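Contents: one structure, followed by commentary.
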Amino acid sequence: MLRSLQVQINKRTLVLDASKRSGETSGTELKLQHKIVGKRQSRVAKTTTELNEKIKGNAPGGGVKQKPKPEPKEPKKGEGL
C-alpha cells in the first residue's frame, strides 16, 4: 500500500514538472499542487517510519512478539553430557 502511494506521488510530481516546463499551469497553481504533493509525501514518510518502529519494537505497544525460548532440559540420572 505504501509503495502504491509512493508511486502515485512520483507520477504526480512528473506531471507537475512537465506542466511547469510546458507553461500549461500558472505558477500559483503549481505551487499549490506541489505543496499538496509534499504533504502527501510527508505522510507516507511518517507512516513508513512508524511502521518500521513497530516492526522493530521501538514504538510503545509495538513490536513483533516472539515466543520465549524453551528452557534447556536437565540430563536424566545416568545420562552423560
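The values are calculated or read from the model by the stated rules, or taken from the named source; none is laboratory data. Just so it is clear, the model here is predicted, and its values are computed rather than measured. Because the Cβ atoms are built from the backbone with ideal geometry, glycine has one as well, and the counts that use them run over all protein chains shown.
Assorted remarks:
- Residue match in region 1-11 (condition: part of a helix (DSSP H, G or I), surrounded by fewer than 10 Cβ atoms within 10 Å (Cβ to Cβ) and modelled with pLDDT of 90 or more): yes
- Qualifying residue in region 71-79 (condition: assigned to a helix (DSSP H, G or I) and either modelled with pLDDT under 90 or surrounded by 10 or more Cβ atoms within 10 Å (Cβ to Cβ) (or both)): no
- Subset of region 9-36 [closer than 30 Å to L51 by Cα and in contact (Cβ under 8 Å) with a residue 12 or more places away in the chain]: I9, R12, T13, L16, Q33, H34
- Residue tally, condition at pLDDT below 90, among the aliphatic types (A, V, I, L, M) and either exposed (fewer than 13 other Cβ atoms within 10 Å of the Cβ) or outside any loop (DSSP other than H, G, I, E, B) (or both), over region 38-70: 2
- Hits in region 16-37 - residues which are part of a helix (DSSP H, G or I) and either surrounded by 14 or more Cβ atoms within 10 Å (Cβ to Cβ) or among the small types (G, A, S) (or both): L16, A18, S19, K20, S22, G27, L30, Q33, H34, V37
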